[in-house]
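For reference, the structure discussed in these notes is given below.
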Amino acid sequence: MLEIQNLRKEYGPLTAVKGLSLTLMPGDIFGFIGSNGAGKTTTIRMLATLLEPTSGTATLNGVDIRTNPMAIRRMIGYMPDFFGLYDDVKVWEYLDFFATIYQVPKDQRQNVIANVLSLTDLTVKRDAFVQSLSRGMQQRLCLARCLVHDPLLLLLDEPASGLDPRARAELKELIAELGRMGKIVIVSSHILPELADFCNTVGIIERGELLAFGSVDQVVRGIHAAHTLEIRLLDGIGAALDFVGKQPHVKAALMVGDFTIRLEFEGDHEAQAAFLASLVMAGHRVIGFREEEANLEDVFLKLTTGAVQ
Amino acid sequence: MSWWKSMVTENPMLIESRRLMRRFLRPSGNESLNMAVMILAGLALLILTGSIWNAASSIPPISVIIAQTGLYVLVVPSISHGVFAGERERRSWDLLLVAPIRKSQIVIGKLLGCIAGVLATTAFFFLPVLITVVGYQRTSFLLTFLAELLSLSFGLLLIALGFAVSARAKRAFSALGGTIALIAMLLVVLPYLIGLGLGGERTTFDTMMAAHPFYALWKLYEAGEATSSAGAAGPAILVSLAYLLGAFLLFLYTVRTLESEDGDGAFRLRRKHA
């Protein structure tokens, strides 16, 4: 379990992270969302023991990042937003190098390397030089490096940046698999729809402050109390609009095109069902009823101003 | 023994030796360039060995060791400048900082890689030195040994200097420039200024120049040519010890610099705000 308690980082007068607190459980894939300069990378670097927090701390399975950074380093896999690869070594040598650093026993190293290569689909590139790999493969190799010591926590800073759609899809699947393996994964990214696909928890940060935290659904519903409903009718749109406007939970309704009404609805799904039933009972000929779901991007844009420190 | 294992025999940073070998000796990476360098080095070795073979009886071994030391000045900065600055430049340094490895392990592992480079340079001159030792009429084994000791300890000092500069530099190229500038300052500019300052005062100049590697080697050469070599061994041993001590202190400084960079990234921030 990862517990972050009032984590704070100051650079002179600038506060990069302002008392961040959250808890993540094994299997959680946490999407860390924020504009450039919001404090995501600073937070990740503090968790990776690269930066010392000004105050507050974080514990991973009870081990404190401030008092026992060496033990923490054995428990985390850190993938920064750059590759940091050695071009002049082979793929297996690179992994063997890090397996040695992470004190993987010598007799297990070959197996471990074979396993992480298989997991990241790089087995055929085992003897290739790192410089000969494509960008997507290099990214997967970085992830393989993070996995050689079987870490509890993975810190992935912008892992999908610069990847083509296929490589992104493969990476997404790989991260989801890591979550299924029971690892805590923290992923920072700008590509919000993708995060919503595989993250079960998200946090939105701006100017070092965590503005929202929870499951994707919780965060979206917490910010967007009202849903947008779209109703398509066969005819009689004027009467239907009058009727809709008088119903409970309806915040605002307007006509979109000749046969469609769009409205803001504040009730839950029960209320939605009752609303649809009353609409039909009142004789309006409904041929379409759809809830437009708010997504992370909407929430992010609503919550943040884009300001940086 | 566990110290020896973690620092030397099982130090993961020994990969540096493999990388250096691959960069300079094997035709991988930039294949044509590496191959050209290897062919040129082979030709140079052939010409050097052939020339020395022909005139072995008139070439003192210390003069070959002086040439070897000169090659150190060219080779060592080229292999040591990027050890830390290069890691920073390619941004692999962070990956080492988040790994459970001590700074001293990193420094020693990289040092072993660079020592392999110095030994390769020494091996290049091994045959020519051997030919002159056997062929030269007035070979002094003691002075030759001392010259080799002085040359190797100076090579180590050069590595340490390269490490110290690289530990503080952000880019490999600036580390190379810094190292070369420092070497030029110590070996050329400073002696020149001392010479200018002292005018024709020979004794003080000799005393002040005693620590200069080429001057010290020249003194050994002169002693070898003279009928009596008494009095040359002591200063050479002292200078070698001074180089080793200087190298040790510079390595300590390097470890301390890297330690201070850990944790808060203070080093990089300081540079950024500078």
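The values are calculated or read from the model by the stated rules, or taken from the named source; none is laboratory data. Computed from a predicted structure; not experimentally measured. Reconstructed Cβ throughout: ideal geometry from the backbone, glycine too, with neighbour counts over all protein chains shown.
Overview of values
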| item | result |
| --- | --- |
| From A:LEU47, A:LEU119, residue being more than 14 Å from chain B (Cβ to nearest Cβ), out of contact with any Gly (no Cβ under 6 Å at 6 or more places or on another chain) and in contact (Cβ under 8 Å) with a residue 24 or more places away in the chain | A:LEU119 |
| Qualifying residue in region A:170-180 (condition: over 23 Å from the mean Cα position of the chain (by Cα) and touching a residue at least 40 places away in the same chain (Cβ under 8 Å)) | no |
| Only listed residue being modelled with pLDDT under 90 and either part of a loop (DSSP other than H, G, I, E, B) or within 14 Å of chain B (Cβ to nearest Cβ) (or both), chosen from A:ALA160, A:ALA176, A:ALA144 | A:ALA160 |
| Identity of the residue in region B:172-225, surrounded by 15 or more Cβ atoms within 10 Å (Cβ to Cβ) and of a type in the set (Ser, Thr, Tyr), that ends up nearest to B:VAL76 (Cα to Cα) | B:THR179 |
| Which listed residue, of A:ALA240, A:ALA282, A:ALA253, A:ALA271, is over 30 Å from A:LEU195 (Cβ atoms) and within 38 Å of the chain's Cα centre (by Cα) | A:ALA253 |
| Matching entry among A:LEU233, A:LEU296, A:LEU279, A:LEU229 (being crowded, with 17+ Cβ neighbours inside 10 Å and in contact with a His (Cβ under 9 Å, 6 or more places away or on another chain)) | A:LEU233 |
| Per-region count, region A:72-103, residues more than 8 Å from chain B (Cβ to nearest Cβ), within 19 Å of A:THR43 (Cα to Cα) and either modelled with pLDDT under 85 or assigned to a helix (DSSP H, G or I) (or both) | 3 |
| Filtered residues of region A:122-134 (kept if of a type in the set (A, V, I, L, M) and free of Cβ contacts under 8 Å to residues at least 12 places away in the same chain) | A:VAL124 |
| Entirely in region B:79-186, the helices (runs of 4 or more DSSP H) that have 2 or more residues that are within 14 Å of another protein chain (Cβ to nearest Cβ) | B:82-89, B:93-97, B:103-135 |
